[in-house]
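Visitor: Right, I'll just put the structure down here and ask away after.
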Amino acid sequence: MRAARLANVLFYYSPLALLAIAWDLSSRFNLIAPELAPSPGATLAALWTLIASGELTEHVGVSVYRESVGLLSSIAVGTVIGIGMARIEWVRILLRPCVTFLYPMPKSALIPILLLWFGLGHMSKIAAVFLGCLLPMVTSSYNGARGVEPQLIWSARSLGASQWGVLWKVILMAALPDILSGARIALALSWLLLVAAEMMISRNGLGFLISYTGETGDYANMFAAILVVVAIGFFSDRFFLLLMRWALRWRDLPA
Amino acid sequence: MPKITFNAVRKVFPTDSVNPVVAIDHIDLTVRHDEFVSIVGPSGCGKSTLLYLLGGFIDLSGGDILIDDKPVSGPGPDRGIVFQHFALFPWHTVLGNVEFGLAERGIAKAERREIAQRYIDMVKLTGFENTFPNRLSGGMQQRVALARTLACDPAVLLMDEPFGALDAQTRHILQEELLEIWSRQKKTVLFVTHDVREAVILSERVVVMTARPGRIKAVIDTRADRGGSSAAIDARAEHIWSILREELSR
Amino acid sequence: MSPTQKIRLGRWARAFGHYAGGAAIVGLWEISVSGGWIDPYLLPAPSAVFGRMIEQAMAGDLIRHAALTVYRGVAGFLIAAALGIVLGTLAARNRFCHWFLDPLVSVGFPAPKIALLPIFILWFGLGDMSKLVMVVITCIFPVISATYLGTSSIDRYLIWSARNLGMSERRLLWKIVIPAALPQIISGLQIAFPMALVVTVVTEMITSGGGLGGYMMRSARFALSEQVFAGIVTIGILGYLLLKLFDRGRRYLLRWHAESQM
Ligand SMILES: Nc1ncnc2c1ncn2[C@@H]1O[C@H](COP(=O)(O)OP(=O)(O)O)[C@@H](O)[C@H]1O
Ligand SMILES: [Mg+2]
């Protein structure tokens, strides 16, 4: 049973292995110039040295710290603002113009001001992630909280829930599917913004590692770092998906 | 002292167009303690609106509603409601739904669990405690909604076409269960239905409403018929139908 | 104020509030800068920003950068849309393509593709090519996955009856499969389009070579905060206009579809 599942997974991802083999063969037979792409062997060796020296752990730690602080705070703040806008009219009137103007703005445009405001430390990157993910979170929680059936709210009220209690016992829960799918998009966006910001303004983190090794022509290390970033993006999405399935297990989930 | 008093109740909904909708024009009605009153009327005549006003979910446009001589202000656990489409919390299990109101009252976990279990058993859902509502049939979901409301032990029970979405067989079973529950734990019940026969079987009085704007057209005492023979029930239902038919054809 | 009963304000109050909120923020911002409470270097006054914008737009600088950014974003998006639709349709209709593409998409979709930028620079140089490739690789995944979902879930009877009428495979694809999948495809494009702009701007910031991203980054390096803000406002306006345009296009393409009548 377990073996069969493992075999299935291996078969599913076999095209990736095929690509790796193609990469290996073409570097062995000099089909691509070595200065354009290091061989898989060289890349793996570089990865191993990065791990063994502890350098990778440090950069990964810095990046994960910035990403999670920025993302989690944007989820928390964005959800509160979105639900507030959906359920309280004066909040909606105050914030609607900001949201309509800021929503279509490419989130990455803020990175240069953050450089001006916060300099090179953690804060500029955390802020980039936070500000970039804030609006997607506001709009998804707003949409979720707008559509709550009034009868659910009334049921809760006639079972003794207070008006404020209803906000998080009913409206937050009813909006959860929208909030979580917004958060999944924000998760992908957060890594994009973080890596980009680290490439531009940083002295550490994975984005810095990639751009620094690239600038110094150390391509084996650069490829290794890129592989790590891609892997982190992939696995964090998978992990989030599991979390989402669990949190929404009360729903008929689409496949 | 009556349990519930409707005094010249009026409800107007503002709409986007110029003309507001007068849902309820003028209703006077008193309901005794532990009385079972059904409300029938053409659809759109304001039956749900009347229950929502009593529940305190929406505001009056005129008149007042008294419960134990105190005006209604906002929803409260003294009035439980059961909706046609159940309105269960889909993210809570059966147990979680039934415990909701008990938790709001601050009852300790162990006791909450025990009370909830009693009501789950009462509506014959033993064994489904940890099931989520989307895995249950319509009839079972409505049983959960009934248990959830009864667990709070409200003095007034508002039911808005509670069996309307169910098949005939399930409806029949739930009607009998409701009567049995009502005869054991006395409650004042306001029961909206579009099924005249159901109204006769269940209630002590049937209120017939006019087409919109809703007013009271007739109030019929059915205590003599409800326990009686099928023929007596049919005759009374036919009588109410004939009153209602005038409104439907308007 | 009650959070659960939606409180309705009058129509005038609402119309007023709609603009007043925005105007109040801009006004407060202007006053607090000119009153000396905020360092104009960190947050230049709106009047200064707009002044700089008009000055640079007159000189043609800002307009040239904006045009470059729009060109790169839109061209990259269109290439990704075309390629993505082709690949998604192939994956839905051919088992080998499905076997090959499915795992690539499942890894590539969530991966932060921006990390690949140094590779593209290495391969394609610092010019437009590497930027376009970056935009394409970012936008293509949502398009492939939406097209795949759309084209593989088409009603079988629709296809059978078309075959029965003697339609060729080619015509079937163009007349039945793609139109039936259009709503899904467009929702994929709707995810991809904003991403195109985000990535264009980032790429320009990292690689120089003009465009609003480069303009802002250079301004930031020289600490010209008014120019940075001028860039942000320009990008904001462009983003807004482009999304409006996109929405027009979407409505036009979906005019037969019920959802579009919202
Ligand atoms: N929120 C509302 N806004 C405007 N009109 C409403 C609203 N709720 C109900 N109405 C109108 O009030 C009338 C009575 O509705 P309702 O009480 O639901 O009728 P019933 O339950 O008897 O079928 C209907 O004409 C309905 O369209
Ligand atoms: Mg009704």
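The values are calculated or read from the model by the stated rules, or taken from the named source; none is laboratory data. Owing to the predicted nature of the structure, the values given are computational and were not obtained by experimental measurement. Neighbour counts are summed over all protein chains in view; Cβ atoms, including those assigned to glycine, are modelled from backbone coordinates with ideal geometry. Ligands, DNA and RNA are stripped out before the accessible areas are found, and what is left, the full protein with its side chains, is counted by its heavy atoms. Shrake-Rupley method; radii C 1.70, N 1.55, O 1.52, S 1.80 Å.
Visitor: In whole percent, what relative contact order does the stretch A:127-199 give with Cα contacts below 8 Å and a gap of six or more residues? Numbers along the way, then the final one.
Guide: Values: 54 pairs, mean separation 39.6, N = 73.
Dividing the mean separation by the residue count of the stretch A:127-199 yields 54 percent.
Visitor: Which whole number in µm²/s is D for chain A by Stokes-Einstein, with the Kirkwood Rh taken over Cα pairs at 4 °C and 1.567 mPa s? Display every interim value, and only then the final one.
Guide: Values: Rh = 21.0 Å.
This corresponds to a translational diffusion coefficient of 62 µm²/s.
Visitor: What is the local net charge at B:Val22, summed over the other residues whose Cβ is closer than 12 Å to its Cβ (Lys, Arg +1; Asp, Glu -1)? It would help to have the intermediate numbers written out before the result.
Guide: Numbers: positive: B:Arg10, B:Lys11, B:Arg212, B:Arg215; negative: B:Asp25.
Net of charged neighbours comes to +3.
Visitor: Moving on. What total accessible area, in Å², is buried where chains C and A meet, using a 1.4 Å probe and rounding to the nearest 100?
Guide: Working: alone 16220 and 15370 Å², together 26220 Å².
The C and A chains share an interface burying roughly 5400 Å².
Visitor: Now for a separate question. Provide the net charge surrounding B:Val9, with neighbours chosen by a C-beta distance below 13 Å and charges set as Lys +1, Arg +1, Asp -1, Glu -1.
Guide: Numbers: positive: B:Arg10, B:Lys11, B:Lys47, B:Arg215; negative: B:Asp25, B:Asp28, B:Asp59, B:Asp64.
That sum, taken over residues with Cβ under 13 Å, equals 0.
Visitor: What percentage of the solvent-accessible surface of the protein assembly as shown, computed with a 1.4 Å probe over protein heavy atoms, is contributed by carbon and sulfur atoms? Walk me through the intermediate numbers first.
Guide: Values: 22750 of 35670 Å².
Result for the protein assembly as shown: 64 percent of the exposed heavy-atom area is carbon or sulfur.
Visitor: Still on this structure: Work out from phi, with θ = phi - 60° and the Karplus expression 6.51 cos²θ - 1.76 cosθ + 1.60, the ³J(HN,Hα) of each residue of the stretch B:154-165, listed in order in whole Hz, and give x for Gly and Pro.
Guide: Listing the rounded values in order: x, 6, 10, 10, 9, 10, 9, 6, x, 9, x, 8 Hz.
Visitor: What base-10 log of the normalised intensity I(q)/I(0) is obtained for the stretch A:139-253 from the Debye formula, alpha carbons as equal point scatterers, at q = 0.12, 0.13 Å⁻¹?
Guide: Here the Debye-derived log intensity ratios amount to -0.61, -0.66.
Visitor: Here is a follow-up. At 222 nm, what value in deg cm²/dmol follows for chain A if DSSP H runs of at least 4 each add -39500 (n - 2.57) and the sum is divided by all its residues, to the nearest 500?
Guide: The per-residue figure over chain A is -26000 deg cm²/dmol.
Visitor: Return the Cα extents of chain C along principal axes one, two and three, sorted largest first, each rounded to a whole Å.
Guide: 76, 58, 34
Visitor: Report the accessible area of C:Tyr240, computed with a 1.4 Å probe over the heavy atoms of all protein chains in place, in Å² rounded to the nearest 10.
Guide: C:Tyr240 has an accessible surface of roughly 90 Å² with all protein chains in place.
Visitor: So for A:Arg238, B:Arg105, what's the accessible-area order with a 1.4 Å probe, most first?
Guide: B:Arg105, A:Arg238
Visitor: So, one more: B:Asn7 label point, 7 Å along Cα→Cβ, cut-off 17 Å on backbone N: hits in the stretch B:67-93?
Guide: What the label zone holds, given the 17 Å backbone N cut-off, is B:67-74.
Visitor: B:Thr49: accessible area at probe 1.4 Å, nearest 10 Å²?
Guide: Estimated to the nearest 10 Å², B:Thr49 gives 20 Å².
Visitor: Which of the DSSP-defined H helices in chain A satisfy a minimum axial length of 24 Å, computed from C-alpha atoms, and a minimum mean Kyte-Doolittle hydropathy of 0.0? Show your work: numbers first, answer last.
Guide: Working: long enough: A:55-87 (48 Å, 0.76); A:122-146 (35 Å, 0.68); A:172-200 (40 Å, 1.58); A:219-247 (41 Å, 1.52).
In chain A, the long hydrophobic H runs are A:55-87, A:122-146, A:172-200, A:219-247.
Visitor: Would you mind checking the tilt of helix B:109-122 against the longest principal axis of the Cα atoms of chain B, expressed as 0 to 90 degrees and rounded to 10?
Guide: On a 0 to 90 degree scale, this one is about 60.
Visitor: Would you mind working out the magnitude of the charge dipole of the protein assembly as shown relative to its Cα centre, with +1 at each Lys and Arg C-beta and -1 at each Asp and Glu C-beta, to the nearest 20 Debye?
Guide: On the way: 71 positive and 57 negative charges, 198 e Å.
Rounded to the nearest 20 debye, it is 960 debye.
Visitor: A further question follows. For every helix of n ≥ 4 consecutive DSSP H residues, a contribution of -39,500 (n - 2.57) applies; sum these over chain B, divide by its total residues, and give [θ] at 222 nm rounded to the nearest 500 deg cm²/dmol. Intermediate values should be presented prior to the final figure.
Guide: Values: 8 runs with 95 residues, N = 250.
So the helix-based figure for chain B works out to -12000 deg cm²/dmol.
Visitor: Another question, then. What Kirkwood Rh does chain B have if only Cα atoms enter the pairwise 1/r average? Answer in Å. Write down the numbers at each step before the final one.
Guide: Details: mean 1/r = 0.0530 Å⁻¹.
After inverting the mean inverse Cα-Cα distance, the result is 18.9 Å.
Visitor: Right, here's the next one. Please give the solvent-accessible surface of A:His122 in Å², to the nearest 10, using a probe radius of 1.4 Å with every protein chain present.
Guide: Its heavy atoms expose roughly 80 Å² to the probe.
Visitor: Convert each backbone phi in the stretch B:44-61 into a coupling constant with the Karplus relation 6.51 cos²θ - 1.76 cosθ + 1.60 (shift: θ = phi - 60°), then list the ³J(HN,Hα) values in order as whole Hz, x for Gly and Pro.
Guide: Along the stretch B:44-61, the couplings run x, 8, x, 5, 4, 4, 4, 5, 5, 5, 5, x, x, 7, 10, 8, 5, 9 Hz.
Visitor: What do you get for the angle between helix B:138-151 and the principal long axis of chain B? Use alpha-carbon atoms, 0 to 90 degrees, nearest ten.
Guide: It works out to around 80 degrees.
Visitor: Okay, moving on. Give me the residues in the stretch A:213-250 whose solvent-accessible area, probe 1.4 Å, is reduced by at least 10 Å² once all protein chains are included instead of the chain isolated.
Guide: When all protein chains are present, A:Tyr219, A:Met222, A:Phe223, A:Ile226, A:Val229, A:Val230, A:Gly233, A:Phe234, A:Asp237, A:Arg238, A:Arg249, A:Trp250 each give up 10 Å² or more of accessible surface.
Visitor: With an 8 Å Cα cut-off and a minimum separation of 6 or more residues, compute the relative contact order for the stretch C:75-204 in percent. Kindly include the intermediate steps, with their values, before the conclusion.
Guide: Details: 139 pairs, mean separation 46.6, N = 130.
That works out to 36 percent.
Visitor: Report the net charge of residues surrounding A:Ala127, where surrounding means a beta-carbon distance below 15 angstrom and charges are Lys +1, Arg +1, Asp -1, Glu -1. Kindly include the intermediate steps, with their values, before the conclusion.
Guide: Working: positive: A:Arg66, A:Lys107, A:Lys125; negative: A:Glu67, A:Glu198.
With Lys, Arg at +1 and Asp, Glu at -1, the net is +1.
Visitor: Binned at 10 Å from 0, what are the whole-percent values of the Cα-Cα distance distribution for the stretch C:162-233, short to long?
Guide: 18, 26, 16, 15, 13, 9, 3
Visitor: Still on this structure, please answer the following. Among A:Leu120, A:Leu194, A:Leu243, which one shows the highest mean-square fluctuation when chain A is modelled as a Gaussian network with alpha-carbon springs under 10 Å?
Guide: Evaluated over chain A, the most mobile residue of the options is A:Leu243.
Visitor: Next question, about the same structure. Does the protein assembly as shown come out rounded, prolate or oblate, given a ≥ b ≥ c as the square roots of the eigenvalues of its C-alpha gyration tensor, rounded meaning a/c under 1.5 and, failing that, prolate meaning a/b above b/c? If you can, show how the numbers build up before the last one.
Guide: Numbers: a/c = 2.29, a/b = 1.84, b/c = 1.24.
Prolate is the answer for the protein assembly as shown, as a/c is 1.5 or above and a/b outweighs b/c.
Visitor: Compare each residue of the stretch A:162-186 in its chain alone against the assembly with all protein chains, and report those whose accessible area goes down by 40 Å² or more; 1.4 Å probe, heavy atoms.
Guide: So the qualifying set is A:Gln163, A:Lys169.
Visitor: What residue among C:Tyr157, C:Tyr41, C:Tyr252 has the largest mean-square fluctuation in a Gaussian network model of chain C, using Cα springs under 10 Å?
Guide: Comparing C:Tyr157, C:Tyr41, C:Tyr252 in the GNM, the peak value goes to C:Tyr157.
Visitor: Keeping every protein chain in place, order A:His59, B:His85, B:His239 by accessible area at 1.4 Å, biggest value first, i.e. largest first. Numbers along the way, then the final one.
Guide: Working: A:His59 15, B:His85 115, B:His239 75 Å².
I get B:His85, B:His239, A:His59, largest accessible area first.
Visitor: Oh, and also: Compare C:Trp29, C:Trp160 by solvent-accessible area with a 1.4 Å probe and give them largest first, with all protein chains kept in place. If you can, show how the numbers build up before the last one.
Guide: On the way: C:Trp29 70, C:Trp160 130 Å².
Greatest to least solvent exposure: C:Trp160, C:Trp29.
Visitor: Normalised by the number of residues in chain C, what is the relative contact order in percent for Cα pairs under 8 Å and 6+ residues apart?
Guide: Numbers: 251 pairs, mean separation 59.9, N = 262.
For chain C, the relative contact order is 23 percent.
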